[in-house]
Structure formats: structure tokens, C-alpha cells
1. Somewhere in the range 10-32, is a residue open to solvent by 70 Å² or more (accessible area, probe 1.4 Å) and of a type in the set (S, T, N, Q)?
2. Give the range 319-342 a look and list any residue that's touching a residue at least 60 places away in the same chain (Cβ under 8 Å) and either part of a helix (DSSP H, G or I) or of a type outside the set (Val, Ile, Thr) (or both), or say none.
3. Please give the helices (runs of 4 or more DSSP H) falling wholly within the range 65-142 in which 2 or more residues are in contact with a Phe, Trp or Tyr (Cβ under 7 Å, 6 or more places away or on another chain) and at pLDDT 95 or above.
4. The conditions are (1) of a type in the set (Asp, Glu); (2) within 16 Å of the ligand (Cβ to nearest atom); (3) closer than 30 Å to Glu285 by Cβ, and Glu139 fails exactly one of them. Which is it?
5. Search the range 119-169 for residues being surrounded by 18 or more Cβ atoms within 10 Å (Cβ to Cβ) and on the phi > 0 side of the Ramachandran plot, and hand back the single one that is farthest from the chain's Cα centre (by Cα).
6. Going by the structure shown, is Leu196 over 22 Å from Tyr85 (Cα atoms), assigned to a strand (DSSP E or B) and open to solvent by less than 10 Å² (accessible area, probe 1.4 Å)?
7. Based on what the data block shows, is Tyr327 open to solvent by 30 Å² or more (accessible area, probe 1.4 Å), in the same structural domain as Asp17 (by TED's automatic domain parsing) and of a type in the set (Ser, Thr, Tyr)?
8. Tell me, please, whether a residue that is in contact (Cβ under 8 Å) with a residue 24 or more places away in the chain and farther than 20 Å from Lys18 by Cα can be found in the range 124-142.
Amino acid sequence: MSEEQTIQTPLWVQELDKYKASKPIEDVAADLGLKPEDIIMLVANENPNGMSDKVKEAVSKAVFSLNRYPDADSYHLQKAIAEKYGVPQDWVVIGSGSSELLGLAAQTVLSVGTTAIYPQYSFSLYPMVARLCGAETIEVPATDDYNADLQAMLDAIDSRTRLIFLTNPNNPTGTYLAEDDILQFLDQVPPNVMVLFDEAYVEFLEPALQCDSVEMVRRHPNVMIARTFSKAYGLAGARVGYGIAQPELLSLLNRVRHPFNVNDLSQIAALAALKDQDFVKKTLEVNKEGIKFLTEAFDQLELPYMGLHANFITVRIGSHADEIVDYLLKKGIIVRRMRSYDLPEWVRVTVGTPEQNERFLEVLKEGLNKFGE
Ligand SMILES: *Cc1c(COP(=O)(O)O)cnc(C)c1O
């Protein structure tokens with residue numbers, strides 16, 4: 001077949017791999033000879049407490065209006081978020097997960113011949129969405145304590161740079177950045193470079209360590225913060241995230257965004273979730289307890305771990321990490337390998353319910369005894 005007769009894609013599409021998602025939980029369970037309810041998912045930083053009862057109520061009421069298109073801008077949710085943060089409504093954009101917003105940010109500012117910068121040990125989607133725009137990506141080595149090296153990131157900026165990704169607290173390291181350091185960093189980023197400040201886990205950061213990111217947006221027209229309902233609010237399946245930025249930036253981003261990008265039930269679910277801060281509070285308590293329980297056990301086992309500022313712990317279980325993860329999997333416990341981050345001895349485990357944490361620890365100990373050095 002000649003070239004003209006086959007479908008042609010740009011080089012950057014040819015070079016990309018499909019995102020490797022895990023199999024449906026029913027299939028995983030069937031493969032292991034277990035029941036789906038016996039599987040303990042500690043792999044995707046989802047909320048182990050389920051979701052708010054208020055969300056269940058609101059969604060069940062709304063389910064019979066699916067014949068109508070949703071609001072194109074997620075009006076009510078947008079308004080509620082604007083009120084919560086004290087910004088005008090046109091400073092808020094709602095996305096189908098904050099993942100969509102990361103992609104929209106990339107499409108808004110990147111093209112062939114430009115670059116995007118992100119720190120080592122960060123969310124795998126950053127380079128993906130940037131390369132999809134034909135841009136080049138620059139991964140800046142982290143500091144010795146696995147945090148973003150802000151000075152090195154500034155040094156990496158050149159005339160081709162259009163986008164910088166920064167995450168606080170960070171996934172997969174659980175580290176956080178101090179407000180003063182972020183402010184200094186933002187002051188030095190050229191105003192024509194967009195900064196996507198990803199706060200997917202911000203609710204889990206101790207209040208005293210949280211920075212006033214909305215104030216950063218007020219000061220810097222090139223900054224957009226991205227947050228999500230997937231983690232603390234327990235709505236990963238609904239796919240809702242939100243961005244806050246000045247309207248000039250959002251008016252560009254909204255040209256790229258599809259109208260009706262967030263479905264009706266998800267808009268309703270997120271609005272109900274936002275109003276149930278008690279659920280979030282309970283989530284934070286369960287998480288804090290879980291971190292205490294797990295780190296005490298890791299200390300006893302002399303397993304080093306990274307930052308504790310989110311709803312997961314990245315822990316070094318040794319050179320037999322792969323076998324131990326396989327062993328956990330066989331017992332129905334799914335955690336995240338860190339090999340793709342060049343950290344083959346580490347795993348990332350989402351903090352679960354007390355029962356899940358205990359079960360994880362029990363099987364981890366078995367695995368360490370079986371395969372440990
Ligand atoms: C989970 C996560 C998100 C949020 O993803 P959604 O698309 O909102 O589900 C964003 N950034 C990071 C770093 C994450 O870990």
C-alpha cells in the first residue's frame with residue numbers, strides 16, 4: 001500500500017503510547033479467583049470512604065433528566081466555586097476531571113516548536129498532553145528530597161517555553177512546596193509563560209502549610225490553578241475538576257474547551273459534594289489516622305518513605321518490590337509500582353480505611369518475609 005492510502009498521523013501521535021489503565025475490577029477479581037468486593041484498591045488515590053450521601057441523593061433525583069443537554073459551562077457549579085473562593089464567575093472553568101483542564105491548558109499555549117517544563121517525579125499526564133500538541137517536554141531533575149527544584153526549573157526556561165507544570169502537594173512523592181518559595185518562583189517566571197499549578201491533593205495539606213493560591217492567581221495573569229473532585233470529594237468516577245485563572249487566560253482556554261464537556265449528572269454530583277464539607281472533613285480524619293498507622297508500621301519495619309502531605313504514601317520496600325507487589329496483587333491488594341519513575345524499589349500506596357490499611361500491612365509483611373533481602 002502506498003503512503004497516500006493509509007491514515008497519516010503527526011509524528012507526535014505516532015510516538016505517543018496509549019495511557020496504560022488497569023483492567024476493570026471485575027476482570028482483575030476473576031483473574032485472581034476473588035470476588036470484586038474482596039479487591040482492595042490502593043492504586044489510584046481514590047477516596048476509600050466512598051462518596052457523600054448528599055451526592056447520592058442529588059444524583060438519584062437528577063437521573064431522569066438526561067434527555068436534556070447539560071449547561072455548557074456548568075453554570076451552577078461554576079457559580080458555587082466562584083463564591084467559595086471569592087472570585088468572579090468568569091475566573092472559573094469546569095473540566096471533565098482536572099485532567100481535561102491540563103490538556104486544555106496545553107492546547108491553549110503549546111504548538112510545534114515550543115516547550116513545556118515539569119519536574120521529575122510528577123504526574124504522567126503532563127508530558128502526554130504537552131507532546132500531543134507537538135511540543136517538546138523538559139523534565140527537570142528533582143532535589144535530593146524528591147521535591148521540585150524550583151531554581152533549576154527557572155533555569156530551564158528559554159524563549160521557546162510556554163507552559164510549566166507544578167504540583168502541590170505532589171503526586172507521587174507526597175512532598176509540598178512552601179508558599180514563599182512558590183511566590184518567589186512565580187515572580188521570576190516570564191509573564192508570557194503559563195504556569196499550571198496542580199492542586200489535586202491540596203485538601204489533604206495541613207491548613208498551616210496551604211498557600212493562598214487564589215491570591216497567586218490574582219497577582220499573576222499567567223497562573224491557573226487546577227483542582228479536582230476526584231480525591232478528597234470522592235468523585236473520581238464523575239470526572240469533575242475546576243480551574244481558577246484570570247478571565248483573559250480563561251477566555252483563550254474556553255475556545256479550546258468543548259461545550260457540554262461536563263455531563264449533567266457530574267455537574268450535579270460535584271455541586272452536592274461541594275456543599276457537604278463534613279464529608280471532606282471526615283475524609284481528612286480517616287486519612288490522617290491512616291497515615292499515622294502506616295508510618296508507625298513502616299518505621300518499625302525500617303522502610304523509608306517520602307512526603308506525607310497527600311492521601312498516599314510512597315514507601316521503599318526494597319529490591320524485591322516487583323515480587324512483593326505481585327504477591328499483594330495475588331491477595332487482592334493493588335498498589336502502584338514506581339518503576340516508571342525510575343524508582344524500582346518503591347511503591348505508592350493509597351491510604352485506605354483502617355481495615356484496608358491493616359490488611360495491606362499484614363500482606364506486605366508476609367511479602368517482605370517471603371521476598372525481602
Ligand atoms: C489525580 C490527579 C489529578 C486529578 O485527576 P482528575 O482528572 O481530576 O481525576 C490531577 N493531578 C494529579 C497530580 C493527580 O494525581
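1. Checking the range 10-32: at least one residue is open to solvent by 70 Å² or more (accessible area, probe 1.4 Å) and of a type in the set (S, T, N, Q).
2. Filtering the range 319-342 for residues touching a residue at least 60 places away in the same chain (Cβ under 8 Å) gives 329-330, 332-336, 338, 340-341.
If the condition is that a residue be touching a residue at least 60 places away in the same chain (Cβ under 8 Å) and either part of a helix (DSSP H, G or I) or of a type outside the set (Val, Ile, Thr) (or both), then Leu329, Lys330, Gly332, Arg336, Met338, Ser340, Tyr341 are the ones that fit.
3. Working: elements: 75-85, 97-109, 125-131.
Fully inside the range 65-142 and qualifying: 75-85, 125-131.
4. Only one criterion is unmet by Glu139, namely (3).
5. Tyr146
6. When the stated conditions are applied, Leu196 does not pass them.
7. No, not satisfied.
8. There is at least one residue in the range 124-142 that is in contact (Cβ under 8 Å) with a residue 24 or more places away in the chain and farther than 20 Å from Lys18 by Cα.
The values are calculated or read from the model by the stated rules, or taken from the named source; none is laboratory data. This one's a predicted model, so the numbers in the text were calculated from it and none came from an experiment. Reconstructed Cβ throughout: ideal geometry from the backbone, glycine too, with neighbour counts over all protein chains shown. Only protein heavy atoms, including side chains, enter the accessible area calculation; ligands, DNA and RNA are left aside. Shrake-Rupley method; radii C 1.70, N 1.55, O 1.52, S 1.80 Å.
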